[in-house]
Amino acid sequence: MMASNNSIKKTLTVAFALCIVCSVVVASAAVVLRPTQQKNQAQDRMRNLLQVAELYKPGKDIRDLYDELITPRVVNLKTGEYAEDKNPETFNQFEAAKDPAQSITLSGSDDIAGIGRRENYATVYLVGDPDSPDEIIVPVRGQGLWSLMSGYLALKGDGNTVVGLSFYDQGETPGLGGEVDNPKWKALWDGKKIYPEDSMDPAIKLVKGGVGPQTPDAIHKVDALSGATLTSKGVTHLLQFWLSDEGFAEYLARFRDKTQGA
């Protein structure tokens, strides 16, 4: 008598074999596609850097434009000096932030950005002559209402005047906190100043009610996002963290000292 093809043993065998085949296919696809994914991620990073610095030119090769205009360097956040022993093309500051040997723990009032740990070194991007750049782009990140917001802040070569702010990764509420991606709101940042004269404490912040010519200290203020109080506070806090002496203040001081002494 022939065994039934519907036996539990055969069903489990077929299911197991199918799982093995699917696993092999998925794993193989991941391996094959990894170089393409990494290339796309690099292209996206370069595009975001060019856009925040107002250098992006549709139709031009992104890699060529990036290589022509931007020089990455790794900075020691404690000293503000360049780390010549670290390769900016391979150094990953986000991975470093997870490593206790390459980062510090933040708590309480030190962690206004809500990131938990801060890496000891970070990659900055210089536009033009690296010794006297036209622009300086620094990475920033911090908690919004629903998500970790990660982006870039572009400053002029004085280390103080904003060129642009852009978030390449955020999950805030569409139409509210998600308006951090709105070009009209991003345009409000152009020309704003981070620091008051003779101070390393950042004064830049978002405020409710709108910012006009008669607003006191308007040069340091940007309109808050309508209906998105906590996202607006998050943007203020992450900028004030990364532009303080916990972040890039020591590094940016070298450019401010140079322009103020000129």
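The values are calculated or read from the model by the stated rules, or taken from the named source; none is laboratory data. Quick caveat: nothing in here was measured; it's all calculated off a predicted structure. As a convention, Cβ positions derive from the backbone with ideal geometry for all residues, glycine included, and neighbour counts pool all protein chains shown.
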Inset, instruction - Could you list all residues from segment 161-174 that are surrounded by fewer than 18 Cβ atoms within 10 Å (Cβ to Cβ), farther than 22 Å from L243 by Cα and in contact (Cβ under 8 Å) with a residue 12 or more places away in the chain? - result: G171, T173
Inset, instruction - Please identify the pairs in which a residue from segment 45-64 that is assigned to a helix (DSSP H, G or I) has its Cβ atom under 8 Å from the Cβ atom of a residue that is surrounded by fewer than 18 Cβ atoms within 10 Å (Cβ to Cβ) and among the polar types (S, T, N, Q), counting only partners at least 6 apart or on another chain. - result: I62/Q43; R63/Q43
Inset, instruction - Among the residues of segment 227-262, write down those that are over 17 Å from K193 (Cα atoms), hydrophobic (A, V, I, L, M, F, W, C) and either at pLDDT below 95 or not in a helix (DSSP H, G or I) (or both). - result: A228, A262
Inset, instruction - Just name the residue that is nearest to A249 (Cα to Cα) out of those in segment 146-155 that are surrounded by fewer than 19 Cβ atoms within 10 Å (Cβ to Cβ) and not hydroxyl-bearing (S, T, Y). - result: L148
Legend entry - Residue check, R141 farther than 23 Å from I70 by Cβ, in contact with a strand residue (DSSP E or B) (Cβ under 7 Å, 6 or more places away or on another chain) and not in a loop (DSSP other than H, G, I, E, B): no
Inset, instruction - Any residue in segment 235-254 that's β-branched (V, I, T): show its pairings with residues that are part of a helix (DSSP H, G or I) and at pLDDT 95 or above at Cβ separation under 8 Å, as long as the two are six or more apart or on different chains. - result: V235/V180
Inset, instruction - For residues that are farther than 13 Å from R256 by Cα and either without any contact (Cβ under 8 Å) to a residue 24 or more places away in the chain or of a type in the set (S, T, Y) (or both), tally how many sit in segment 186-207. - result: 4
Legend entry - segment 119-138, residues that are over 21 Å from P100 (Cα atoms), in contact (Cβ under 8 Å) with a residue 12 or more places away in the chain and part of a loop (DSSP other than H, G, I, E, B): G128, P130, S132, P133, D134
Inset, instruction - Kindly indicate whether A228 is hydrophobic (A, V, I, L, M, F, W, C) and surrounded by fewer than 19 Cβ atoms within 10 Å (Cβ to Cβ). - result: no
Legend entry - Candidate set: segment 93-113, residues that are surrounded by fewer than 16 Cβ atoms within 10 Å (Cβ to Cβ) and in a loop (DSSP other than H, G, I, E, B); chosen: the one modelled with the highest pLDDT: D99
Inset, instruction - Considering (1) within 21 Å of the chain's Cα centre (by Cα); (2) farther than 20 Å from D181 by Cα; (3) surrounded by fewer than 20 Cβ atoms within 10 Å (Cβ to Cβ), say which one L243 fails and leave the rest. - result: (3)
Inset, instruction - Output the residues belonging to segment 121-140 that are among the charged types (D, E, K, R) and surrounded by fewer than 20 Cβ atoms within 10 Å (Cβ to Cβ). - result: D129, D131, D134
Legend entry - Which listed residue, of T79, T71, T90, is surrounded by fewer than 18 Cβ atoms within 10 Å (Cβ to Cβ), of a type outside the set (K, R), farther than 19 Å from F167 by Cα and touching a Pro at 6+ places or on another chain (Cβ under 6 Å): T71
Inset, instruction - Can you tell me which residue within segment 144-160, out of those that are assigned to a strand (DSSP E or B) and touching a residue at least 40 places away in the same chain (Cβ under 8 Å), is farthest from the chain's Cα centre (by Cα)? - result: L155
